[in-house]
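Everything below concerns the one structure shown next.
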Amino acid sequence: MISCDINHQERVQPIICFTFDDAHLNAYENGFPLLEKYNFPATSFINSGTVGRYKRLSWEQILDLHNHNWEIGGHTVNHPELPELSDEEAYYQIVQDYYNFLEHGIELNSFALPSGHATERDYAIIKSRYKNIRNSIDKEMRLPLNRFDLGYYAYQTEYTPQMVKERIIRGSINGEALIVIGFHQISDNNIDAIDYCRTEDFEEILCWVAEREYLVMRLDQAVEKILTK
Ligand SMILES: [Zn+2]
């Protein structure tokens, strides 16, 4: 008789996080309503010094996201290359950013390194205020999860929804606990920069994730859930 040794243990699917960097207005206008449609929260990494600028979010829009269960994350005041700054400037960029949000009643838990670059000094300053740090490398995030070294898959203009689906499937097969898919701009117009996702492509990704019943969470809540398992 053939004995088929099937592992009946339920496969643990990775938690999916959607992040948005640099507070582009089109991500709010085009991406946010689609995330609401699928009932998915997200995390927005914002430079507090650019709030209200041309084609960037206003404080009112940031508070709207905050009130819809989005996580707002720190990303420095002005998006500098942290390693090039003096100690005083690095402290200002990281800590003043934190307090600029706190002044608006928004407490921050996560920080995204501008362009993924930071020195040991910068990490020490960030860790004094933040619980989680996201870098700019797409690394496999299996257990044990290092909350100060979170990777992400950054969607670029030439990418396709199929590439995101394959990344998520690969993570599921590899036993990753967390997969972060990062976007900048969500738009169908003037797609000349490197960091656009077309609106219909964005919805195709959300629809696929919803159909497969992946758990979608804010980055801070996903990390807490994984670390308290
Ligand atoms: Zn950025």
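Each value in this text was obtained by applying a stated rule to the coordinates, not by laboratory testing. Since this is a predicted model, take the numbers as computed values, not measurements. Here the Cβ positions follow ideal geometry from the backbone for every residue, glycine too, while neighbour counts run over all protein chains shown.
For this structure, a couple of remarks:
- The alpha-carbon of LYS225 sits under 17 angstrom from the alpha-carbons of these lysines, leaving out residues fewer than 8 places away in its chain: LYS131.
- Straight-distance candidates among the aspartates and glutamates for linking to LYS139, with alpha-carbon spacing under 13 Å and chain neighbours fewer than 8 residues away dropped: ASP149, GLU176.
- Taking the C-alpha atoms only, the angle from helix 161-173 to the longest principal axis of the chain is near 60 degrees.
- Qualifying lysines (Cα of each under 16 Å from Cα of LYS127; at least 8 residues distant if same chain): none
- Bins of 10 Å from zero: percent of alpha-carbon pairs in the chain: 8, 33, 36, 17, 4, 2, 1, 0
- Based on C-alpha pairs under 8 angstrom that are at least 6 apart in sequence, region 15-227 has a relative contact order of 27 percent.
- Gap separating the Cα centres of region 70-112 and region 136-150, nearest whole Å: 21
- Helical content of the chain, expressed as a calculated mean residue ellipticity at 222 nm, amounts to -8500 deg cm²/dmol (DSSP H runs of 4 or more residues, -39,500 (n - 2.57) each, divided by residue number, nearest 500).
- Rg [Å, one decimal], Dmax [Å, integer] - region 82-144, C-alpha atoms: 12.5, 36
- Extension gain, SER115 back to SER136 (0.36 nm per residue minus Cα-Cα distance, nm): 6.9 nm
- Relative contact order (%) - region 2-118, alpha-carbon pairs under 8 angstrom, separation at least six: 23
- Bridges between two residues of the chain, per DSSP, are antiparallel at a rate of about 5%.
- Positive-end residue of THR157, ILE126, ASN47, charge dipole of the chain with Cβ unit charges: ILE126
- DSSP loop GluC sites (Glu not before Pro) with at most 14 other Cβ within 10 Å: longest gap in the chain: 11-80
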